[in-house]
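Take a look at the structure set out below.
Read-outs throughout are calculated quantities, based only on the coordinates presented, and are distinct from any laboratory measurement. In this text the structure is predicted, and so the values were computed from the model without any measurement. Heads up, the Cβs are rebuilt from the backbone with ideal geometry, glycines too, and the neighbour counts pull from every protein chain shown.
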Amino acid sequence: MRSDQVRFATVTEPVGPDAELADARRRGELRRSHYGVLAMVAAGGAIGAGARYGAALLWPTAAGSFPWTTLGVNASGCLVIGILLVTLTEVWTAPAWVRPFLATGVLGGYTTFSTYCLEIERLVAADRAESALAYLAVTLLTALVAVTAGAWTTRRLLVSRSARRA
């Protein structure tokens, strides 16, 4: 086939039976619900970013030193998201705005994996490659352990609590 004879296939996305997108009224409803979720994420993100900034003021890290503050913020955020998501998905039927507000917004604004990457780069630029590698590994391990511990502990507490009720 010559390059000027390229054929394009029509791709259709799967659509659920309740999502009649051809209906103009329905499109408007979907658009409004997306704006509401976006507003919840933005409000939560502002709160989370403010909390992260507060942590940096309370526990400043000197330039070129090991970034303990960011490690602590990311670990604590991962612990809380483990607790939160088990609670929201297995215990409590929350309103639709709660998960985007708390998980994506507040905790997404609070944790800072972009700063984590920037601090790795800064450590390498300061000829502290060993510290950068240690920070990279410790943060990854700590975040995974924290989210797992939060989810596991929350499940254990909820199981023992429901067993006492029975």
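Going by what's in this entry, would Val106 be described as in a helix (DSSP H, G or I), in contact with a Gly (Cβ under 8 Å, 6 or more places away or on another chain) and closer than 24 Å to Ala151 by Cα?
So Val106 passes the test.
What's the number of the condition Ser65 fails, among (1) polar (S, T, N, Q); (2) closer than 26 Å to Ala39 by Cα; (3) part of a loop (DSSP other than H, G, I, E, B)?
Looking at each condition in turn, Ser65 falls short on (2).
Quick one: which residue in Leu158, Leu118, Leu144 is without any contact (Cβ under 8 Å) to a residue 40 or more places away in the chain, in a helix (DSSP H, G or I) and surrounded by fewer than 19 Cβ atoms within 10 Å (Cβ to Cβ)?
Result: Leu118 is the single residue among Leu158, Leu118, Leu144 that is without any contact (Cβ under 8 Å) to a residue 40 or more places away in the chain, in a helix (DSSP H, G or I) and surrounded by fewer than 19 Cβ atoms within 10 Å (Cβ to Cβ).
Specify which of the listed residues (Leu71, Leu57, Leu133) is assigned to a helix (DSSP H, G or I) and touching a residue at least 12 places away in the same chain (Cβ under 8 Å).
Testing whether each residue is assigned to a helix (DSSP H, G or I) and touching a residue at least 12 places away in the same chain (Cβ under 8 Å) leaves just Leu71.
For residues in segment 92-103 being of a type outside the set (Lys, Arg) and either in a helix (DSSP H, G or I) or touching a strand residue (DSSP E or B) at 6+ places or on another chain (Cβ under 7 Å) (or both), which is farthest from Thr139 (Cα to Cα)?
Val98
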